[in-house]
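J.: Once you've had a glance at the structure underneath, I'll fire off some questions.
Every number here is computed from the coordinates shown, using simple stated rules; none is lab data. Given the structure is predicted, the values throughout are model-derived calculations rather than measurements. Glycine gets a Cβ as well: all are built from the backbone with ideal geometry, and neighbour counts include every protein chain shown.
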Amino acid sequence: MSLVEALAEGLARASTLLPQDVVRALERAREREEGPARVQLEAILRNVEMARSGRVPICQDTGTPTFFVRFGLDFPYLKELFSAVPEAVRQATKTVPLRPNTVHPFTGKNPGDNTGRFIPAVTWEPLPGDSVEIHILPKGGGSENCSALKMLPPGVGLKGIKEAVVEHVVAAGGLPCPPTVVGVGIGGGADLALKLGKIALLRPLGQRHPEPEVAALEEELEALINASGVGPMGLGGKTTVLAVHVEYAHRHPASLPLGIAVQCWAHRRAVVRIGPDRSVTVSP
């Protein structure tokens, strides 16, 4: 399997197969809901199964192709990988097929293949080693519209961070197609806080941050948001978020950046791992 084929397969799986951690979270949510909330979750789960069995996209909005590439500094095919990413997007757009979602911001012209200036969006992270791990995150437009950057005054502290996250997610209501997964990035600068929010989305649901204080914050934010009663699709209920994940970076003393990355219930992800011998694994 070529690198293009491996990445195209990863994007195809991300678009058609919802990861099992997300499916299980939706099933648990269904069991604790009733009335319109339960009906919505039953419809969502039927949709997930139809997409899986038919290998068709989970949602008509197949998202912006977004990649996080964690590459070993000694990975021998880095140059090939660099050119393989956009070509894989073109291939998957044609074969899955994916909806062409990239348009020029001034003219509205659509190239028709989900590529364009700085798209696919790729974050490159060098690490020790000779293999590569590529996280694929198709990012839907509706949930992206509900993401936000807030530059908080440092004096508000952790209490202010909690209030800002909860107020923002609750105010979004049904717009991002809840129950959502929310990635929270704290610290760094404006750009890094939002990036950290998206990186937080890569973690499987149920996997807490390794630092106990951060894990406790995740749990508290989930409980506070779910207590709002927004519920599935904004129709009321106990489940507004499936999970909240937090990542952080050190910050300047004069600023407290807060990035809130919102992902809809269709929390699509895939991981492609490539070894130095070109061995490939794709999951899910």
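J.: To the nearest 20 debye, what charge dipole does the chain have about its Cα centre, counting +1 at the Cβ of each Lys and Arg and -1 at the Cβ of each Asp and Glu?
T.: Magnitude of the dipole: close to 580 debye.
J.: Any idea how far apart L202 and F82 come out in nm if each label point goes 7 Å out from Cα toward Cβ?
T.: Result: 1.9 nm between the two label points.
J.: Please compute the net charge surrounding H135, taking Lys and Arg as +1 and Asp and Glu as -1 over other residues with Cβ under 9 Å from its Cβ.
T.: That works out to +1.
J.: With an 8 Å Cα cut-off and a minimum separation of 6 or more residues, compute the relative contact order for the chain in percent.
T.: 26 percent
J.: Per 10 Å bin, what percent of the C-alpha pairs of the chain does each bin hold, from zero upward?
T.: Reading the bins upward from 0: 7, 28, 34, 24, 7, 0.
J.: Okay, next question. Does segment 240-284 come out rounded, prolate or oblate, given a ≥ b ≥ c as the square roots of the eigenvalues of its C-alpha gyration tensor, rounded meaning a/c under 1.5 and, failing that, prolate meaning a/b above b/c?
T.: Verdict is oblate for segment 240-284.
J.: Same structure again: Distance cut-off 31 Å, Cα to Cα: go down the list K109/K139; K94/K150; K79/K150; K109/K238 and report the pairs above it.
T.: From K109/K139; K94/K150; K79/K150; K109/K238, over 31 Å: K94/K150; K79/K150; K109/K238.
J.: Go through 139-145, 151-157 and give me the packing order, highest mean Cβ count within 10 Å leading.
T.: Going by the mean number of other Cβ atoms within 10 Å, highest first, we get 139-145, 151-157.
J.: List the aspartates and glutamates whose Cα sits under 17 Å from the Cα of K195, skipping any in the same chain fewer than 8 residues away.
T.: Reachable aspartates and glutamates: E125, E144, E247.
J.: Using the Cβ atoms and a cut-off under 9 Å, what net charge is assigned to the surroundings of P276, where Lys and Arg are +1 and Asp and Glu are -1?
T.: -2
J.: Peptides 89-101, 171-183, 58-70, 124-136: what's the order by average Cβ count within 10 Å, highest mean first?
T.: For the peptides 89-101, 171-183, 58-70, 124-136, the packing ranking is 171-183, 58-70, 89-101, 124-136.
J.: Count charges around E33 for me, please; just the other residues with Cβ under 13 Å from its Cβ, Lys/Arg as +1, Asp/Glu as -1.
T.: With Lys, Arg at +1 and Asp, Glu at -1, the net is +1.
J.: I'd like the per residue volume of the convex hull spanned by the Cα atoms of segment 141-263, given in cubic angstrom.
T.: It comes to 88 Å³ per residue, whole-number rounded.
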